[in-house]
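The values are calculated or read from the model by the stated rules, or taken from the named source; none is laboratory data. All values derive from a computational prediction rather than experimental measurement. Backbone-built Cβ (ideal geometry, glycine too); neighbour counts: all protein chains shown. In case anyone asks, the SASA skips ligands and DNA or RNA and just uses the protein heavy atoms, side chains included. Shrake-Rupley method; radii C 1.70, N 1.55, O 1.52, S 1.80 Å.
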Amino acid sequence: MSSDTKPVSALGRLFGRGKKQKPEQPEETPVVTNVNSANSSQPFEAEKEISASSESLIPETYAPETPAPETPASEKVGLFSRWRNGLGKTRANLGSAFGALLGGKRSIDDELIEEIETLLLVADVGINTTQSLIDTFKARVRKGVNPDQDLMDVFRHLLVETLTQHAKPLDFGESKPGVLMMVGVNGVGKTTSIGKLAKRFQSNGHSVVLAAGDTFRAAAVEQLQVWGERNSVPVIAQSTGADSASVIYDALESCKSRGADILIADTAGRLHNKSSLMEELSKIVRVIKKLDESAPHEILLVLDAATGQNALSQAREFCKSVPVTGLVLTKLDGTAKGGVVFSLVEQLNIPVKFVGLGEGIDDLTEFDPESFVSALFD
Ligand SMILES: Nc1nc2c(ncn2[C@@H]2O[C@H](COP(=O)(O)OP(=O)(O)OP(=O)(O)O)[C@@H](O)[C@H]2O)c(=O)[nH]1
Ligand SMILES: [Mg+2]
């Protein structure tokens, strides 16, 4: 299952960071918000308005009966220019210099290897991954470069291969609803990515419910509600300070009774080195499993690309608390450190499933190794 390819339209920034508050676990009745959510026997407004989109991201269980049409060529061009625009800073750092260094050449020497090494390190590819890429690159060049290729072709191919090895699309198995939980440190783009994903799922013909599991930060619930309104999807929420696990539990129950396809649960931003906060995440997973042993089907760890190699240590810590199934790498548009993608994939063996290329609702793209590498170098 691969990406859909809606053209971009940028929207502005949502909420600033608010002050945190301590959750106390009140036994509250969940508040269901948004226009179409009050009566569960009514279809969601969004379901009525779904238009046929391109290929589905969702497992076949959810595939609409009518097969999705081929992505029109104009949309493909739109998607590629979004990749190119989003990766502009990393390309300026990495791509252009590589072209000058490797284009038209067919043999390597120590000086060239040193220059490649420097470029990769500057783009935050990280020492280990840089070393492993260079070793493989050298071995391939020694074996001989095809007459119709230059070193740039060989290197590009190696990069695509590295990213493709661990690629894996979103997978909810046979379950309905599919449960997707977003986790990550503060301010990385969890809630924004949820809003963007809700739009994608709906465009592919799937009904979505959002769970306001960030009960910690003031205004976090309202922020999610704005995304809910924007997408016309119900948001199940309690007040700030409520128990996050119980909000998500209620949301899953509500989702089941509505027969909705996908539940996306927001969670509070947390520092990966705070063990009590990380334990809360494990608790959320345990509580969800009381309703559905197979859930959550996807736990997406959101990482801010601008944090570069620090994203790796965040990921390692989150993986100790919850079974992370994929990464969402946000804010690639604002950084020259896009090379971190290679080390995340190579070192962690966790697929990058989506990348954020801007703040707008359409600025989340399914990760595609070929497009990523092309946008870096072409
Ligand atoms: N440029 C850019 N900005 C982004 C992207 N994703 C999110 N943002 C911005 O990052 C800021 C934080 O986003 P949120 O979605 O609130 O982050 P969060 O992880 O939910 O934050 P907490 O709930 O406080 O932990 C917002 O201003 C977003 O618009 C992206 O891909 N590119
Ligand atoms: Mg948030």
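Among the residues that make up region 315-324, is at least one of them modelled with pLDDT of 95 or more, within 16 Å of ligand 2 (Cβ to nearest atom) and not assigned by TED's automatic domain parsing to the domain that holds Leu121?
Yes: one or more hits.
Return the pairs, sorted by first residue and then second, in which the second residue is of a type in the set (D, E, K, R) and open to solvent by 10 Å² or more (accessible area, probe 1.4 Å), the first residue lies in region 188-212 and is in the same structural domain as Asn310 (by TED's automatic domain parsing) and within 16 Å of ligand 2 (Cβ to nearest atom), the beta carbons are less than 6 Å apart, and the residues are 6+ apart or on different chains.
The qualifying pairs are Val188/Asp304.
If I ask for residues that are in a helix (DSSP H, G or I) and either open to solvent by 10 Å² or more (accessible area, probe 1.4 Å) or free of Cβ contacts under 8 Å to residues at least 40 places away in the same chain (or both), which ones from region 343-368 would you list?
If the condition is that a residue be in a helix (DSSP H, G or I) and either open to solvent by 10 Å² or more (accessible area, probe 1.4 Å) or free of Cβ contacts under 8 Å to residues at least 40 places away in the same chain (or both), then Glu346, Gln347, Leu348 are the ones that fit.
Quick one: would you say Leu301 is in contact with a strand residue (DSSP E or B) (Cβ under 9 Å, 6 or more places away or on another chain), farther than 15 Å from Cys255 by Cβ and part of a strand (DSSP E or B)? Reasoning before the result, please.
Numbers: in contact with a strand residue (DSSP E or B) (Cβ under 9 Å, 6 or more places away or on another chain): yes; farther than 15 Å from Cys255 by Cβ: yes; part of a strand (DSSP E or B): yes.
Spelling it out, Leu301 is indeed in contact with a strand residue (DSSP E or B) (Cβ under 9 Å, 6 or more places away or on another chain), farther than 15 Å from Cys255 by Cβ and part of a strand (DSSP E or B).
Could we say that Thr330 is at pLDDT 95 or above, open to solvent by 20 Å² or more (accessible area, probe 1.4 Å) and within 14 Å of the chain's Cα centre (by Cα) here?
no
If I ask for residues that are within 16 Å of ligand 2 (Cβ to nearest atom) and surrounded by fewer than 18 Cβ atoms within 10 Å (Cβ to Cβ), which ones from region 155-187 would you list?
The answer is Asn186, Gly187.
Restricting attention to region 233-245, does a residue exist that is within 13 Å of ligand 2 (Cβ to nearest atom), open to solvent by 10 Å² or more (accessible area, probe 1.4 Å) and out of contact with any Pro (no Cβ under 6 Å at 6 or more places or on another chain)?
yes
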